1. Take the residues in region A:37-50 that are more than 8 Å from every other protein chain (Cβ to nearest Cβ), in a strand (DSSP E or B) and not charged (D, E, K, R); name whichever of them is farthest from A:Pro79 (Cα to Cα).
2. Quick one: in region A:8-33, of everything that is in contact with a Leu (Cβ under 9 Å, 6 or more places away or on another chain) and over 16 Å from A:Leu105 (Cβ atoms), which residue is least open to solvent (accessible area, probe 1.4 Å)?
3. Within region A:52-82, count every residue that is within 29 Å of B:Phe89 (Cβ to Cβ) and either more than 14 Å from chain B (Cβ to nearest Cβ) or among the hydrophobic types (A, V, I, L, M, F, W, C) (or both).
4. Name the one entry in B:Thr109, B:Thr51, B:Thr77, B:Thr31 that is over 13 Å from the mean Cα position of the chain (by Cα) and open to solvent by less than 60 Å² (accessible area, probe 1.4 Å).
5. Among the candidates A:Gly106, A:Gly41, A:Gly28, which residue alone is on the phi > 0 side of the Ramachandran plot and in contact (Cβ under 8 Å) with a residue 12 or more places away in the chain?
Amino acid sequence: QQKVQQSPESLTVSEGAMASLNCTFSDGTSDNFRWYRQHSGKGLEVLVSIFSDGEKEEGRFTAHLNRASLHVSLHIREPQPSDSAVYLCAMSKFVGDNSKLIWGLGTSLVVNP
Amino acid sequence: GGIITQTPKFLIGQEGQKLTLKCQQNFNHDTMYWYRQDSGKGLRLIYYSITENDLQKGDLSEGYDASREKKSSFSLTVTSAQKNEMAVFLCASSHRGREQYFGPGTRLTVL
């Protein structure tokens, strides 16, 4: 069964210090990998979607993918208190014309001023 | 840009009650999804629909019905609410296999 494991479960950083979140997955043939953010009581907001090995940057958010080591990470540059949220990693596999997402359980990030 | 609207925002039901949740999107996306989010269990797919009147079961479809009345709307019915059940139901839409965009969720509490 395909799985996605996120670490750490929770992370506290100071404003301005880099925050790094990790995700390991069981299936290196997945089509792409996505990082979402969920503020308390809100829906999910897509941050970065990556399918090639290497790095992809979207503003202050950078994802690194290494399929060989079954690992994708998210780095948040200059985090702010408003970045405090749960960060979810998902791997995507195409099923016909659509994709199925397998989700991790999330990392709860707190950014202290 | 577009938006996904879910109603109601909070839903309180009684054990055994049939409850309906609604979702509307104006992205003009083909595919819509219903997920259940439980603390400590992540998101689990209940149903999805790739076009109007289509319905596909997800991993957690037992105990639920769904209906894609038109391209922009997708409703979910809890057929018999379970006592002490608490969960968040998230609706999402996408253009085929591309990024899924999520609504704010409906928070269900069963007394």
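1. Here the residue is A:Ile50.
2. Checked region A:8-33; the qualifying residue least open to solvent (accessible area, probe 1.4 Å) is A:Ala19.
3. 7
4. B:Thr109
5. Numbers: A:Gly41 fails: in contact (Cβ under 8 Å) with a residue 12 or more places away in the chain; A:Gly28 fails: on the phi > 0 side of the Ramachandran plot.
Unique residue meeting the criteria: A:Gly106.
For every residue, the table says whether it meets (1) more than 14 Å from A:Leu101 (Cβ to Cβ); (2) in a strand (DSSP E or B).
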position	(1), (2)
B:Ile46	no, yes
B:Ala66	yes, yes
B:Leu76	yes, yes
B:Ala81	yes, no
B:Asn84	yes, no
B:Phe89	yes, yes
B:Gly97	no, no
B:Leu108	yes, yes
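The values are calculated or read from the model by the stated rules, or taken from the named source; none is laboratory data. Remember, predicted model here, so these are calculated numbers, not experimental data. Glycine also receives a Cβ, built like all others from the backbone with ideal geometry; neighbour counts cover every protein chain displayed. Note: accessible area is taken over every heavy atom of the protein model, side chains too, but ligands, DNA and RNA are not part of it. Shrake-Rupley method; radii C 1.70, N 1.55, O 1.52, S 1.80 Å.
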